[in-house]
Amino acid sequence: MAAVILPQHSSLYSVKTSLAPPARTASSSKIGVETGDFTILHSSKNGVTNDVQLRSILRNAQVKRCRMYSKVTAMLKRGGRKTPDKEYPWPQKMRPQDLIGSPLPFLSRFKPLPQKSKPVHLPFELPLVDIQKKIHEVRELADSTGMDFSMQLNELQEKYEEVRRDLYTHLSPIQRLSVARHPSRPTCLDHILTITDKWLELHGDRAGFDDPAIISGIGKIDGMSFMFIGHQKGRNTKENIYRNFAMPTPNGYRKALRMMQHAAHHGFPILTFVDTPGAYAGIQAEERGQGEAIARNLREMFGLRVPIITTVIGEGGSGGALAIGCCDKMLMLENSVYYVASPEACAAILWKKAAAAPKATEAMRITAHELMKMDIVDDVIPEPLGGAHSDPFTTSMNMKKVIMKHMHELLKVDPEPLLERRFAKFRKIGAHQEAVNLDPRMKRKMKPRDAPPEMGEPKLLTSSVRENLEFNLKAASTANPSE
Amino acid sequence: MLHIKFSKQNKSVCEERGNHLSMDSMERIEPSIDPNTWIPLDEDTISKDVLSFCDEESYENRLIRSQEKTGLPEAVQTGIGYSNGTLIAPGVMDFQFMGGSMGSAVGEKITRLIEYATQKLLPLVLVCASGGARMQEGTVSLMQMAKISSALHYYQVQKKLLYISILTYPTTGGVTASFGMLGDIIIAESKAYIAFAGKRVIEETLGQKVPDGFQLAEALFENGLLDLIVPRILIKGVLSEISDLYSSVPYKKN
């Protein structure tokens, strides 16, 4: 689409014409100019010739100088006028600072938000908000009257600190869940850009799509390159809609798989960041094979011959999170959660009413410390007082320290023992028991053994398999990392 | 109106419409395994109440009640047996036990079955029927998906053995997203409901009604997610033909 800017005319000459061919197409057929102002004149899509037409027509109009008032109306294309996005796909305009140093920051489309978002207060933080208001009032009073209120201010400030410390050191699971879902919680890219020295984002699943809900790329930490993959939430509503609220479609999981296989091929250890309410539940997603994409990721991740560390930075929603979360070490931020079904869904199904969500949150044991007790999570990363959203930089630095500590351990392990350790980590998760003297009534619908004794004893067969397996597990888990 | 006796004679398939009604696991194993060749595995493995979960009823009580009602200790039966002369390792899930939900015991039994099949180089057949992961066991049941997939990785990718998954009515949630869709050959029964997210969840997310027949086996077949849709009467024969085809590969040197 060509654009022509007309200079301001005081006289009222305008051209009535249709610059489109007589056969009206669906796209904009009438181009117009409103008189008297600067207007941007768009020619139709039909090509260059229209410019020439336009110029000749205008020339004619000027020559004629008659009272030919032809009003040309601009008919907007269906869907509105499309302003080309200057930042898409890459920033079009280079500024001088883009030319100094590394070119990588120029390619990174993820920039700090132009406006600082309004601070959002969670329901349990209301006492803090009250004290903050009081401090504000006292300060205003001090300013307006000139009297000295410093003692009261100090008291109030101390009280604020105390209440804050009290609140945040004793968070209940429901409060941790609301912190994990906080709208200002730092996202995957926020963390990545803080902890990496260099960052190059890579795109696409090479099969027709580039899911915005999953971020992938290569970065350098402490002189070593890693592959980063994670769910990306938006920092405001507009971004959230673009990122689909970090709910990936099958295309996203296939993109993640391609990146992980690429990383294993070249030797990049993989760092994944989980922050999703779950996989996207939509018609297209189901048709493209959402279940299959997740299943394939689960299986393939156990064959990648590079260390994988997963960090849950927000909420970990069931299969959608596990599809990039089959790892050698699982880390969680202190206030993050990892659940098999969201507390709301669980409440609706088991308690039959959505209002029971707090009870479900307590019962399902979804917080980091509880999961560490169940031996699912290997380490919990402390967050600064006030949650990650109050001090993103410290959170990212804490995360970097813990990740690198575990990474240094894993880098010393050879590929085969590494894979065996990964199997062993998940093999031991399970709360089952061998029932002693199970009431035969409880087994009446099981098909009993009817094979002749020559076929072998099932107990012996399975136990020998299990012995073998236990031996392998023991060997894998006690394998000296320095070997 | 379908008489139970006639229906069971016909393998629970309605003659008129060809609708496959749901079958419990015993009824599936009986006809598929040659007589006097069945050895069950892990009959006594049951779940533990790891979270001390209590919604309207404690998880322990729910387990005991389901066990008494259905006569099964857990939602899956595993074992080995001959089928048309080939020794196979089938695992059959049962929807009647707590909606076929996949908990620790189901995960453990299936993983042990896969490990056994790996050791003895047997073809694996898993019949899936599940409502998803067992919420009463929390994240532990989520990790069962990863556990089974890791065992399948060793079985399929490293040992290159054959795994056939049979998806029946209904197969949803965690099972579809782990071993259900990982078969070398995926067979579905006619009009089986196979989904990842349930119909209600999709309707709530999108705010619009879902088209009829959207997540049925036929629709998945059109979208290229299944290999075969096989009527119930033919399953045994088809399985033995498939294992015959796979065992007659001439180029084993790869």
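The values are calculated or read from the model by the stated rules, or taken from the named source; none is laboratory data. All values reported here derive from a predicted model rather than from experimental measurement. Quick reminder, even Gly has a Cβ in these numbers, built from the backbone with ideal geometry, and neighbours come from all protein chains shown. Protein only, heavy atoms only, side chains kept; ligands, DNA and RNA dropped before computing areas. Shrake-Rupley method; radii C 1.70, N 1.55, O 1.52, S 1.80 Å.
When the square roots of the Cα gyration tensor eigenvalues are ordered a ≥ b ≥ c, the ratio a/c for region B:201-242 is 1.5 or more and a/b exceeds b/c, which makes its shape prolate. Only Cα pairs within less than 10 Å get springs; with that Gaussian network setup on chain B, which residue of B:157, B:127, B:76 has the largest fluctuation? In this elastic network of chain B, the residue with the biggest mean-square fluctuation among B:157, B:127, B:76 is B:157. Shape class of region A:183-427 from the alpha-carbon gyration tensor: rounded, with the ratio a/c of largest to smallest axis under 1.5. Over all orientations, region B:144-199 has a Cα convex hull whose mean projected area works out to 3.8 square nanometres.
Solvent exposure of region A:183-427 amounts to 33 Å² per residue of accessible area, where only protein heavy atoms count and the probe is 1.4 Å.
A Gaussian network model of chain B, with springs between Cα atoms under 10 Å, assigns the largest mean-square fluctuation among B:28, B:62, B:134 to B:62. Among the chymotrypsin sites (Phe, Trp or Tyr not before Pro) in region B:157-254, those placed in a DSSP loop whose Cβ has at most 14 other Cβ atoms within 10 Å are B:251.
Interface area, chains B and A: about 7200 Å² of buried accessible surface, summed, with a 1.4 Å probe and ligands, DNA and RNA left out. The GluC sites (Glu not before Pro) of region B:20-96 meeting both criteria, a DSSP state outside H, G, I, E and B (loop) and at most 13 other C-beta atoms within 10 angstrom of the site's C-beta, are B:56, B:57.
Listed cross-link partners A:329/B:253; A:359/A:425; A:233/B:191; A:220/A:428; A:255/A:425 are compared with a 28 Å cut-off, the Cα-Cα value being larger for A:329/B:253; A:359/A:425; A:233/B:191; A:220/A:428. Loop-resident trypsin sites (Lys or Arg not before Pro) (DSSP state other than H, G, I, E or B) in region A:169-218 with no more than 10 further Cβ atoms inside 10 Å of their Cβ: A:206.
Database remark: amide H of residue B:132 closer than 5 angstrom to the amide H of B:102, B:172, B:174, B:175 (H placed geometrically; neighbours at sequence offset of 5 or more, or on other chains; Pro and chain starts carry no H). Counting only residues at least eight positions apart within a chain, or on another chain, the aspartates and glutamates with an alpha carbon under 12 Å from that of residue B:109 are A:434, B:42, B:43, B:44, B:74. Normalise the Debye intensity by I(0) for region A:123-170, one equal point scatterer per Cα, no solvent, then take log10 at q = 0.14, 0.24 Å⁻¹ and round to two decimals. Once normalised to I(0) and log-transformed, intensities are -0.37, -0.82. Of the solvent-accessible surface of region A:183-427, computed with a 1.4 Å probe and all protein chains present, 55% belongs to carbon and sulfur.
Over chain B, what percent of the accessible surface lies on carbon and sulfur atoms, probe 1.4 Å? With neighbouring chains kept in place, the figure for chain B is 53 percent. Each residue of region A:165-179 was assigned a 3J(HN,Hα) from its phi angle through the Karplus curve 6.51 cos²θ - 1.76 cosθ + 1.60 (θ = phi - 60°); the sequence is 4, 4, 4, 7, 8, 10, 7, 7, x, 5, 5, 5, 4, 5, 5 Hz, with glycine and proline shown as x.
Partner aspartates and glutamates whose Cα lies under 18 Å from the Cα of residue A:400, excluding those fewer than 8 positions away in the same chain, are identified as A:190, A:197, A:222, A:275, A:328, A:334, A:378, A:379, A:383, A:391, A:409. Please list, ordered by chain and number, the residues whose modelled amide H lies under 5 Å from the amide H of residue B:188; skip anything fewer than 5 residues away on the same chain. Residues meeting the amide H criterion: B:167, B:228, B:229, B:230.
Radius of gyration over Kirkwood radius for chain B, both on Cα atoms: the Rg/Rh ratio is 0.96. For residue B:127, nonlocal amide neighbours, meaning residues 5 or more places apart or on other chains whose placed amide H falls under 5 Å from its own, are B:91, B:92, B:93, B:166.
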